[in-house]
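Written out below as structure tokens is the structure these notes cover.
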Amino acid sequence: MSQRKLPSGLHRETLAVRAGVGASQYGENSEALYLTSSFTQPDSETAARRFAGEEEGYIYSRFTNPTVASMEQRLAALEGMEAAIGTSSGMSAILLLCMGLLKAGDHVVCSQSVFGSTIKLIAGEFGKFGVRSTFVSQTDVAQWRAAIVPETRLLFAETPTNPLTDVCDIQALADVAPQRGSAAGRRQLSLHAGAAAARAVRCRHRDPLGTKYLDGQGRVVAGALVGPRQLIADKFIPSCAAPACACRPSMPGWCSRAWRRWASAWKRSRSGPWSWRSGCNRIRASSASIYPGLESHPQHALAMAQQSGRGGAVVSFDVRAADPGAARRNAFNVVDSTQLLSVTANLGDVKTIITHPPAPRTAA
Ligand SMILES: *Cc1c(COP(=O)(O)O)cnc(C)c1O
């Protein structure tokens, strides 16, 4: 699905509010919520192509929805992975993981300390369909290595475990899978919960728990699988729609508010006079900057005394030019050559905004 183009090397806090599908034809700067079950199709031929998967397009929210797609793209960006698929709960992410990777006759090695419902799902439900499982110590890597048999297709750990907070060595477990994988084909290692702990570790897919930390305010039931694009496309997307594992479009809206709050707290923590001053100094090289946090501002001392030592969130600057016509052109050039900023009129948004309000000038 279409994805907003972003410059590389952005802070995670920026990705948390900028990564996702592009704005609609209305150009909203804040994210729209697409609370719709289905999407109308321009004509029958297009509908047929979209249903056949020959053309991209939204059809029905049990398959895809732009609000869910935004959450998926954002999670992938935050986790440093290529793709993600949102699910209706944490357990449905684990169900989807198992449906996508396992078939009758396969074997799973699973930590014995994982969430109770996960043990029931793997040993009980998948056991009924001919998937065998061996449960091993969360922390003893030798037990994982010893439990692997030629039919093993999945090593399943969560860290820290819920509720006893046993922590596994993700890297050590990641190393177990490929070492033993050559004879019996591909092995997978899924890591689940404690997504922050899973970052930067070599594992094939992860399961950040939407219900817990994505919203952080107890309003959401959701989950996701994050991993390489090919794996998500080949193994999980085909299995997701039929059993209704798909994330409900109302859920990412809550997560997106939580992300915006997180980014805004981060931005506030960095908007003291010092960080702005260094930014202004860079701008000053080519223009005159106007910011109460700068000594050059005519009311600098008053602003510092009245505004708890903070310069605020608005910085203005004059772009130099030989004549008024060139000034306008040069200013528009500055606005249009920014890579990330939203060209719109507002302030105090977590998304940094740039605009060129024509300043009324009095005659000198
Ligand atoms: C909460 C939790 C789940 C289940 O998530 P739901 O969204 O309730 O389905 C699974 N595993 C762990 C470790 C959990 O903490």
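The values are calculated or read from the model by the stated rules, or taken from the named source; none is laboratory data. Please read all numbers here as calculations on a predicted model, not as lab measurements. Positions of Cβ are generated from backbone atoms using ideal geometry, with glycine treated the same way; all protein chains shown enter the neighbour counts. All accessible areas refer to the heavy atoms of the entire protein, side chains included, with ligands and DNA or RNA removed. Shrake-Rupley method; radii C 1.70, N 1.55, O 1.52, S 1.80 Å.
If each residue of separation counts as 0.36 nm, what is the full-extension length gain between Thr139 and His11 once their alpha-carbon separation is subtracted?
Here the segment from Thr139 to His11 would lengthen by 42.8 nm.
Using 0.36 nm per residue, how much length does the chain from Tyr60 to His300 gain when fully extended, once their Cα-Cα distance is taken away?
Between Tyr60 and His300, full extension yields an extra 80.8 nm.
For the range 12-262, what proportion of DSSP beta bridges, expressed in % and rounded to the nearest 5, is antiparallel?
The answer is about 30 percent antiparallel.
List, in the order given, every pair from Lys235/Lys267; Lys5/Lys103; Lys128/Lys212; Lys212/Lys267 whose Cα-Cα distance in the structure shown is over 31 Å.
From Lys235/Lys267; Lys5/Lys103; Lys128/Lys212; Lys212/Lys267, over 31 Å: Lys235/Lys267; Lys5/Lys103.
Could you sort 316-322, 212-218 so that the peptide with the highest average Cβ count within 10 Å comes first and the rest follow in order?
Highest-to-lowest ranking by the protection proxy: 212-218, 316-322.
If you add up the charges near Ser111, with Lys and Arg at +1 and Asp and Glu at -1, over every other residue whose beta carbon is less than 9 angstrom from its beta carbon, what do you get?
-2
Per residue of the range 52-61, what does 6.51 cos²θ - 1.76 cosθ + 1.60 with θ = phi - 60° give for ³J(HN,Hα)? Whole Hz please, x for Gly and Pro, Karplus curve as stated.
Result, ordered by residue: 7, x, 8, 9, 6, x, 7, 10, 7, 6 Hz.
Quick one: if you stick a label point 7 Å off each Cα along the C-beta vector at Tyr26 and Val149, how many nm between them?
Reported label-point gap for Tyr26 and Val149 is 5.8 nm.
I'd like the distance between the alpha-carbon centres of the range 147-177 and the range 299-325, rounded to an integer number of Å.
Spelled out, the Cα-based centre of one part sits 54 Å from the other.
Evaluate the distance, in nm, between pseudo-label points positioned 7 Å from the Cα of Val334 and of Gln217 along their respective Cα→Cβ axes.
Placing both labels 7 Å along Cα→Cβ, they lie 3.6 nm apart.
Mind checking the full-extension length gain between Arg229 and Arg4? Use 0.36 nm per residue of separation minus the Cα-Cα distance, one decimal, nm.
Length difference between fully extended and current span is 79.3 nm.
Leaving ligands and nucleic acids out of the surface, order Phe63, Phe129, Phe39 by accessible area at 1.4 Å, largest first.
Largest accessible area first, the list is Phe129, Phe63, Phe39.
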